[in-house]
Amino acid sequence: MPEELHPGSPAKIRTGVPTSALLGAAIVIVAAVTWAAVRHSSDKPWNDNAVTAQFLNLTVKKGQRSVHLILTYRLTNNTGDKYRLPPPGSSELMRKTPSGQLKEVDSVLWDQDTTVPAHSAAVEEFDISEDPMHYDLDLDDLETHDKLTEFVNQRLARIRGLEFSDYIHHYNIELPRGWQ
């Protein structure tokens, strides 16, 4: 028996398309757009000159469990568009080893809200955290200035320079060695 509609009650409308089909179609569309965007960006050539860097300063701070090597750089945007540093996963900081290889820096933080205006510059800090326990040391072993300096110099000796790889924009930003 057909449903009766009463005045003042909302009418039931059937579209004939199940909700799961609409959801599935939406997922397929989102996946296709994402695939196209990633495919398009992977075709883009890498640019080593879009953003350049100048070393400004090295600051060393002891935390509760680690030593922080804070490397400050002036980033210059050589493009006509503003540039924003992407988050980890979309970028990574690599260190150049004495043998010339690139290795990922494991524990590094940077301000992901830093924006470098077009044809302008901004200052960015890369905070590299070093855990003394990885080197059979305790943070208490670095209490004296001489011991802390020796530890920092040993860590910096492993770094011949840094390179920031931005996988979204396909930019390689050379972060030159300016310490020692």
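Structure above, values below:
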quantity	calculated
Loop-resident sites, the stretch 44-125, for chymotrypsin sites (Phe, Trp or Tyr not before Pro), counting at most 16 other Cβ within 10 Å (DSSP)	46
Rg/Rg_ref, the stretch 47-92, where Rg_ref = 2.2 N^0.38 Å and atoms are Cα	1.49
Heavy-atom accessible area ranking, 1.4 Å probe, most first, across 95, 155	95, 155
21 Å tail of the calculated P(r), the stretch 89-162, as % of Cα pairs	43
Added length on full extension, which subtracts the Cα-Cα distance from 0.36 nm per residue, residue 70 to residue 46	5.9 nm
Computed P(r) (all Cα pairs; the stretch 123-180; 5 Å bins; percent)	4, 13, 22, 20, 16, 12, 8, 4, 2
The stretch 34-180: C-alpha pair distances exceeding 19 Å, %	55
Alpha-carbon centroids, the stretch 104-176 and the stretch 43-62: separation in whole Å	11
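The values are calculated or read from the model by the stated rules, or taken from the named source; none is laboratory data. Fair warning: this is a prediction, and the values are worked out from it, not measured in the lab. Note that we place each Cβ from the backbone using ideal geometry, even for glycine, and neighbour counts take in every protein chain shown. The protein model used for the area step is the full one, side chains on, heavy atoms only, and it has no ligands, DNA or RNA in it. Shrake-Rupley method; radii C 1.70, N 1.55, O 1.52, S 1.80 Å.
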